[in-house]
Amino acid sequence: MNNEPLPQNSSELLRKYAHALDRLEIVSRTAGAIVAAGRRPGGATGNSVDFADYRKYHYGDDVRSVDWSIYARLKKLFLRQYRAEADLAVHLLLDTSNSMSFGNLPKLEFARTLATVFAYVGLSRQDRVGVATFAGDLVHFLPPQRGKQQLFYLLRLLDSVQPGGASDFERSFKSYAARAATRGLLVVLSDCFCRGGYETALRCLAFAGFEVVVARVLADEELDPEIDDEVELQDIEQEDKRGSVVGSAAVGPYREAMATYSETLASFCLHEGFPYVETTSSLSFEELTIRLLRAGIMAQ
């Protein structure tokens, strides 16, 4: 297995792994929000090749859908109904707050790469994909579309984002729900550190009609910090730069607190029905793929 970290440049990522990404598909448990000539089976009925059911004929219905073989046997008119193809809209919400700049391999760099993976996989499967960035509120907004041109716009936006500001999940997510014209599968790419919490904000997205997926990005140093001597800790998202001085004795309690926070987040997502995956910025492509498959977020 190749354990090299993912390329941080989107062009290099696609050059190296496009053949593997072409075998993946984003998993959606619900029909897409846009009924069109797409490629996913939806709950609506329409004119596609997948037969769904029969229903009785009503005055004004299209007689071209009448099943005359049934009429010949029963002397009653029934219409053939087909399962429409639903065009999935994939919404990517990328956290660009200051905390995402942390790490020898910065979390934001990995999160942008992960967003590129979702964008390429979705667009290659003819899904509509859009991206928005947020910190205290929405920063950039590119609505879901499909096609090669959309991939170009997405990559250009992702390559340009910079970290800044403190995160406010609830305000940002409510802004996105109000601005997005379509619903569909929504992937939150974030470290999930927010002073205001994440529970209400994620529930707001679900209540607004999105199928929520949480892709958490952490730095290795956050999971396993190395502190040999006294150091001053500072909150990277707060204007007040005064921090607490801690030593190596704080590492153990910190690890326990981090593990508890991670378990609580994972349990919350499981309870709410939000597919959840935890990643670190040093993951290789193979390791990332395995985690996405095991979480049921992607399939081959």
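Structure notes:
- A straight chain from residue 264 to residue 67 at 0.36 nm per residue would run longer than the Cα-Cα distance by 65.5 nm.
- If you plug the beta carbon distance of residue 22 and residue 141 into 1/(1 + (r/R0)^6) with R0 = 35 Å, you get a FRET efficiency near 0.80.
- Residues of type lysines that residue 56 reaches as a straight line, Cα spacing below 26 Å, ignoring anything fewer than 8 places off in the same chain: 75, 76
- Potential lengthening between residue 15 and residue 199 on full extension [0.36 nm per residue; Cα-Cα distance subtracted]: 62.5 nm
- Shape category assigned to the range 103-213 from the gyration tensor of Cα positions, a/c cut at 1.5: oblate
- Label-to-label distance, nm, for residues given as residue 29 and residue 148 (7 Å Cα→Cβ offset): 3.7 nm
Every read-out reported here was derived from the displayed coordinates using simple, explicitly stated rules and does not represent laboratory data. Remember, it's a predicted structure, so these values are computed and weren't measured experimentally. Here the Cβ is made from the backbone with ideal geometry for all residues, glycine too, and neighbour counts use every protein chain on show.
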